[in-house]
1. Given the structure, is Pro32 without any contact (Cβ under 8 Å) to a residue 40 or more places away in the chain and exposed (fewer than 14 other Cβ atoms within 10 Å of the Cβ)?
2. Whether any residue in the range 92-105 is touching a Phe, Trp or Tyr at 6+ places or on another chain (Cβ under 6 Å) and acidic (Asp, Glu) is what I want to check.
3. Could you tell me which residue of the range 123-141 is nearest to Ala45 (Cα to Cα), considering only residues that are among the hydrophobic types (A, V, I, L, M, F, W, C) and surrounded by fewer than 18 Cβ atoms within 10 Å (Cβ to Cβ)?
4. Can you name every residue in the range 1-55 that is among the charged types (D, E, K, R) and closer than 30 Å to Val132 by Cβ?
5. Look at Arg156 and say whether it is crowded, with 16+ Cβ neighbours inside 10 Å, of a type outside the set (A, V, I, L, M, F, W, C) and not in a loop (DSSP other than H, G, I, E, B).
6. Can you name the condition, by its number, that Ala123 falls short on among (1) free of Cβ contacts under 8 Å to residues at least 12 places away in the same chain; (2) within 17 Å of Thr64 (Cα to Cα); (3) among the hydrophobic types (A, V, I, L, M, F, W, C)?
7. Testing Ser49 on (1) surrounded by 14 or more Cβ atoms within 10 Å (Cβ to Cβ); (2) at pLDDT 95 or above; (3) outside any helix (DSSP H, G or I), one condition comes back false. Which one is that?
8. Kindly indicate whether any position in the range 18-30 is under 16 Å from the mean Cα position of the chain (by Cα), among the hydrophobic types (A, V, I, L, M, F, W, C) and not assigned by TED's automatic domain parsing to the domain that holds Pro102.
Amino acid sequence: MLGFYVRHRIRTSEKRLGVSLDYLRHIYEHAPDAFWKLTKFMSVAQHRSKLPPTPYHVARLVATRHDDCGPCLQIAVNLAKEDAIEPVIVKAVLDRNIEKLPESLRDVYRFTESVLGDGLDAAEFRERLRKVFGEEALVELAIAIATCRVFPTLKRALGYSQNCSAATVEV
């Protein structure tokens, strides 16, 4: 009975997210204890309370694109659409056209890229973002950047990833 429920939830999530979640089926079938622990992590990965939706999704899009998993990037795009993020913002991030973003979102974009790279410019952007959004929102931004990197890595390790260049991401 539990297996039926899990498979049903995965199918429902696939419809909502617009991509295959075969890697979750694989984890459930071969390591159910790990699957249940992963579901707890997923709630952490979705945490957002103080950070407004647009900077949250900009950071997630930049971080997910950085890890080069086309289906994961499609999920990030679909979740941004679900949160009513303007398509022009999503397209600007995907196209690396940061001049089309408002200044605070340019800072989110640059901060995220800095954190994912060498981090040398992170302090400057961190302070500006802290002033604009507050300390709790900065924590949420850090969690968003860090957690969305787990799924491309997990999928790549299990053989379920597809590079962004091999996938068509639809906004």
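1. Taking the combined requirement at face value, the residue satisfies it.
2. no
3. Per the stated criteria, the residue is Val139.
4. Within the range 1-55, Arg48, Lys50 meet the criteria.
5. Answer is yes for this residue.
6. So Ala123 meets the others, but not (2).
7. Tallying (1) surrounded by 14 or more Cβ atoms within 10 Å (Cβ to Cβ); (2) at pLDDT 95 or above; (3) outside any helix (DSSP H, G or I), Ser49 fails exactly one: (1).
8. Within the range 18-30 (the criterion being under 16 Å from the mean Cα position of the chain (by Cα), among the hydrophobic types (A, V, I, L, M, F, W, C) and not assigned by TED's automatic domain parsing to the domain that holds Pro102), the answer is yes, since at least one residue qualifies.
The values are calculated or read from the model by the stated rules, or taken from the named source; none is laboratory data. In this text the structure is predicted, and so the values were computed from the model without any measurement. Glycine also receives a Cβ, built like all others from the backbone with ideal geometry; neighbour counts cover every protein chain displayed.
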